[in-house]
Amino acid sequence: MNKNRRPVIAGNWKMNKTRDEALQFIYTITPELPKNTDVETVICSSPVLLRCLVKRQGENLRIGAQTMHQSESGAFTGEVSPVILKNSGVEYVIIGHSERRAYFNETDETVNQKVLAALKHDIIAIACCGETLEERESNKTEDVIKRQVVAMMNTIPADAAKEVIIAYEPIWAIGTGKTATKEMAEETCGFVRNVIEQLYGKAVSDKIRILYGGSVTPANVSELLAQTNIDGALVGGASLDSENFLKLVKAAK
Ligand code: PGA
């Protein structure tokens, strides 16, 4: 972490938690969360729960969606638009998660369109990148990450670019219990920052927040957050338990 960049801990609940479970979680964590000025704490829930959770969001807790469509409205059955999210009080959205890329046809191009749409509607995008195990083992990590990051930032001007949060999530580490070592995570997050510097210069690369994601737990969060280029975490499994999630947020403080 770097004291000039506010840390972010974002929980990605994926397709988990009923309304009752979600409310119980929010009531448990809210009194214990640090101030938003210390840690930006975000919970990204199922779209069905967003409205109900937004009503309980406070200074120290923000609510996000896990995906959205790039169009403002239209005949896209089952989708949610940035206009609908914003109007419901949602302030963050995860874009291009590897599960969306793998199972729901998200491409570098749609990820870029969605980041642009989020910026246009003043929603903070948490835009994801990450390599497969095969790509890492054949030394293609940097090529893949560079391609994904350059594509997601395509046509985004510098003043907007620094508001985007990038999450580096090696696919082989997601939900597998295999975290990247702190050295590996730092090296690749640093590489992402270099790509941003090449695109926009240091004023943007020094400001943009880069998160690590992939089997982050209370046991490994501190050593990951101690790395210069890691500004927080995007967390799946460990965000489902209120006690674990609180430990992650407190570690970031
Ligand atoms: P995990 O998921 O923490 O369960 O590995 C991370 C993510 O998918 O964002």
Count - residues of segment 195-207 that are of a type outside the set (D, E, K, R) and either in contact (Cβ under 8 Å) with a residue 60 or more places away in the chain or surrounded by fewer than 15 Cβ atoms within 10 Å (Cβ to Cβ) (or both): 3
Within segment 83-99, tally of residues that are touching a Lys or Arg at 6+ places or on another chain (Cβ under 7 Å) and outside any loop (DSSP other than H, G, I, E, B): 2
Residue within segment 226-239 that is away from the ligand (no atom under 15 Å from the Cβ) and β-branched (V, I, T) present: yes
Any chance A118 is closer than 27 Å to D241 by Cα and modelled with pLDDT of 95 or more: no
Boolean, V221 is more than 16 Å from C129 (Cα to Cα), within 12 Å of the ligand (Cβ to nearest atom), surrounded by 23 or more Cβ atoms within 10 Å (Cβ to Cβ) and at pLDDT 95 or above: yes
All helices (runs of 4 or more DSSP H) inside segment 130-209 with 3 or more residues being under 27 Å from W13 (Cα atoms): 133-137, 141-152, 182-200
Pairs, first closer than 11 Å to S98 by Cα in segment 164-181, second within 10 Å of the ligand (Cβ to nearest atom) and charged (D, E, K, R), C-beta under 7 Å, six or more apart: W172/K178
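Within segment 232-244, is there a residue that is in contact with a helix residue (DSSP H, G or I) (Cβ under 7 Å, 6 or more places away or on another chain), in a loop (DSSP other than H, G, I, E, B), modelled with pLDDT of 95 or more and closer than 23 Å to V39 by Cα?
Scanning segment 232-244, I find no residue that is in contact with a helix residue (DSSP H, G or I) (Cβ under 7 Å, 6 or more places away or on another chain), in a loop (DSSP other than H, G, I, E, B), modelled with pLDDT of 95 or more and closer than 23 Å to V39 by Cα, so the answer is no.
To keep it simple, each residue is scored yes or no on (1) away from the ligand (no atom under 14 Å from the Cβ); (2) under 30 Å from T41 (Cβ atoms); (3) out of contact with any Gly (no Cβ under 8 Å at 6 or more places or on another chain).
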| position | (1), (2), (3) |
| --- | --- |
| H121 | yes, yes, yes |
| C128 | no, yes, no |
| E135 | yes, no, yes |
| N139 | yes, no, yes |
| I145 | yes, yes, no |
| K162 | yes, yes, yes |
| I166 | no, yes, yes |
| I174 | no, yes, no |
Residue ID - farthest from E163 (Cα to Cα), chosen from residues in segment 1-22 that are aliphatic (A, V, I, L, M) and surrounded by 16 or more Cβ atoms within 10 Å (Cβ to Cβ): A22
Residue match in segment 178-188 (condition: within 12 Å of the ligand (Cβ to nearest atom), at pLDDT below 95 and buried (at least 19 other Cβ atoms within 10 Å of the Cβ)): yes
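The values are calculated or read from the model by the stated rules, or taken from the named source; none is laboratory data. Since this is a predicted model, take the numbers as computed values, not measurements. FYI the Cβ positions are ideal-geometry reconstructions off the backbone, even for glycines, and counts take in every protein chain you see.
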